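Encoded as structure tokens, the structure appears first; notes follow it.
The values are calculated or read from the model by the stated rules, or taken from the named source; none is laboratory data. Source: prediction; values computed, not measured. Cβ sites come from the backbone with ideal geometry, for glycine too, and all protein chains shown count toward neighbours. Quick note on the areas: whole protein, heavy atoms, side chains included, nothing else; ligands and nucleic acids left out. Shrake-Rupley method; radii C 1.70, N 1.55, O 1.52, S 1.80 Å.
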Amino acid sequence: MKRYRIAIIGGGAAGLVCALTLLRGGERDVVLLEKNDRIGKKLSQTGNGQGNLTNVDMGVRHYFSSDLSIVSKVLEQFSEKDTEALFSSLGALTVADERGRVYPSSRQASSLTDLLRFELERLGARLEIGREVVRLERGFVLTLSDGERLGADFVVQCTGGKAAKQFGTDGSAYALAKGLGHSLTPLFPALVQCRADVGALRSLKGIRSDVVLRCGDVAVRGDFMIADYGITGDAVFRLSSYLADRGETTVYVEFLPDVSEETLLSLLKGKRAPQGELFCGVLNNQIGRYLCKAGGSIEGAVRLCKRFPVRVLGTLDFSHAQVTRGGVPMNEVTEKLESRKCGGYFLCGEILDVDGECGGYNLQWAFASGAIVAKELLCRR
């Protein structure tokens, strides 16, 4: 049976940065096992394929977890500046947009995977592609899907969660953690479209608007669109992080967020357009006509424009989600992300009960957690 000092399970964002950090630190006895036919499959599609790798407005307030104190300490040890420095060292140029989202200047997520792969290959990394770990035993014996068994002194699990099963993250790898004594918090889809009672709103299907969405004390701004199943768009994805475990609730849509209700009311009252066309030149015509009809009066239409209720019935399922809410509870790992159930076993990235808002926060967590674990293992040589 082949034996390695360190076995990394999962060749996504966390696993790749963990392996790279180990190799750059002088550790050579490392194997990375990836079940897919190539590494970085999900990473290559992040940020709508543009590679939103982090955000300049970093902080634990952008994350959800059963223990944010550990998340905060990890992010302090590997910040957004460290992520940018890492990819700069690989030869990338990064740029930030008006919302602080950081991208490679190529605007190609696949280039992030390529840069990591080029460096790993240059350093002589042992990459085992198409090798799925189906069982993990104490003493660290790893059984692969073809029956081969490998041994390791340390194991780092970076297998992701349950979201986006087309990338191999179908939730099956939770069994490895459970086999070593870990539990799971409830799992929910996050960064995902929402099911909603759209009713007559279907007449507005496919019209994209810049809006503010509100639910309780949370407000997010971005694109919004009606679909057959409910609502979608950048603002919906961002708000879904707060809705993941809520079930049915009401979301309020504010059209024209840069215009006050008083200004809008004054403008419409001064127009000489037909009653149903008062929003002409102000909003998309179809939306404007709908608001005029549903509002019943100018005042009613303006109120609806600024606070339009949509009954959300829940989110779409994991196959549509970008990330998973929930996972291995943070109280079952140390500040260095080592298992409290089985020493020498580390967990990184989405398998833990950590998820972030839309905007590069989930990749930052993946990169940071992978790097922190690697640095801890380098200290144990």
Requiring at least 1 residues that are under 22 Å from Lys375 (Cα atoms), the strands (runs of 3 or more DSSP E) wholly within segment 17-130 are 30-34, 126-129
Could you check how many residues of segment 197-230 are of a type in the set (Gly, Ala, Ser), more than 22 Å from the chain's Cα centre (by Cα) and assigned to a strand (DSSP E or B)? 1
If you check every pair at least six apart or on different chains, which have Cβ atoms under 6 Å apart with a residue in segment 52-80 that is more than 23 Å from Ala109 (Cβ to Cβ) and open to solvent by less than 30 Å² (accessible area, probe 1.4 Å) first and a residue that is assigned to a strand (DSSP E or B) and not polar (S, T, N, Q) second? Val71/Tyr63; Val71/Val354
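Can you tell me which residues in segment 249-275 are part of a loop (DSSP other than H, G, I, E, B) and under 25 Å from Arg208 (Cβ atoms)?
If the condition is that a residue be part of a loop (DSSP other than H, G, I, E, B) and under 25 Å from Arg208 (Cβ atoms), then Leu256, Pro257, Asp258, Val259, Ser260, Lys271, Ala273 are the ones that fit.
Within segment 133-180, which strands (runs of 3 or more DSSP E) (wholly inside it) include 1 or more residues that are in contact with a Cys (Cβ under 9 Å, 6 or more places away or on another chain) and either open to solvent by less than 20 Å² (accessible area, probe 1.4 Å) or of a type outside the set (Phe, Trp, Tyr) (or both)?
By residue number, 149-157.
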Output the residue which, of all residues in segment 276-299 that are of a type in the set (Gly, Ala, Ser) and in a loop (DSSP other than H, G, I, E, B), is nearest to Phe255 (Cα to Cα). Gly281
Among all residue pairs at least 6 apart or on different chains, which show Cβ distances below 6 Å where the first residue, located in segment 105-123, is under 16 Å from Ala13 (Cα atoms) and open to solvent by less than 90 Å² (accessible area, probe 1.4 Å) and the second is outside any helix (DSSP H, G or I) and among the β-branched types (Val, Ile, Thr)? Ala109/Thr46
Within segment 212-234, count every residue that is of a type in the set (Gly, Ala, Ser) and within 13 Å of Pro257 (Cα to Cα). 2
